[in-house]
Amino acid sequence: MPPGVRLMQKVSSTRTFAKVAPHFIPAMDRAVHRLTRGKVLLSAKMLPGVILTVRGARSGLPRRTPLACMPQGGAGGWVLIGSNFGRPGHPAWTANLLAHPDADVNWRGEDIPVRARLLEGEERAAVWKEALAFWPPYAAYQSRIEREIRLFKLERR
């Protein structure tokens, strides 16, 4: 585990982090990603990350969102966790994927067409266990909210 990860896990589990982080982390990630032409995603220094591009559920316009992801090594693809930092509502990008499952991710500077699938039932339960092992603060996020955190499996198209 890289230095500082345990501290970051502790900090990211707090309600204060949930209030502040959504306002600066995505904006910072988008700016650095754009400036480095897709080569650097700052938040990916703690967790792997992608830039998701999906059409808006209502507008149909492309929406770019930097997100932490859980790469699926042998199976390929990625899992996206709609934690919204443990805030009450589902993040907008999850509604966009439900409406338009064909999307693109930028992974390590490469644009990749993907298809998203909402995980449910036993499959979701198994992946949720993996997600908690991958980033334990997800448990704190889920404990603060009544909605079930959405999990999406992204597979290459």
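Packing, as the average of other Cβ atoms within 10 Å across residues, places the peptides 118-129, 88-99, 138-149 in the order 88-99, 138-149, 118-129, highest first. Using 0.36 nm per residue and subtracting the Cα-Cα separation, the extra length available between Ser59 and Ile145 on full extension is 28.2 nm. With a/c under 1.5 counting as rounded, go ahead and sort segment 40-157 into rounded, prolate or oblate using the C-alpha gyration tensor (a ≥ b ≥ c being the square roots of the eigenvalues; past the cut-off, prolate if a/b is larger than b/c, else oblate). It is rounded, given that a/c, with a ≥ b ≥ c, falls under 1.5. Full extension of the chain segment joining Ala99 with Glu155 gains 18.5 nm, where the gain is 0.36 nm per residue of separation less the Cα-Cα distance.
Taking every protein chain into account, the accessible area of segment 89-128 amounts to 52 square angstrom per residue (probe 1.4 Å). The share of accessible area on segment 48-95 that comes from carbon and sulfur is 55 percent, using a 1.4 angstrom probe.
Extending 7 Å from the Cα toward the beta-carbon at both Arg117 and Glu130 defines two label points whose distance is 1.2 nm.
The values are calculated or read from the model by the stated rules, or taken from the named source; none is laboratory data. What you see is a predicted model; the values in this text were computed from it and never measured. Cβ atoms come from the backbone with ideal geometry, glycine included; neighbour counts cover every protein chain shown. With ligands, DNA and RNA removed, areas are computed over all heavy atoms of the protein, side chains included. Shrake-Rupley method; radii C 1.70, N 1.55, O 1.52, S 1.80 Å.
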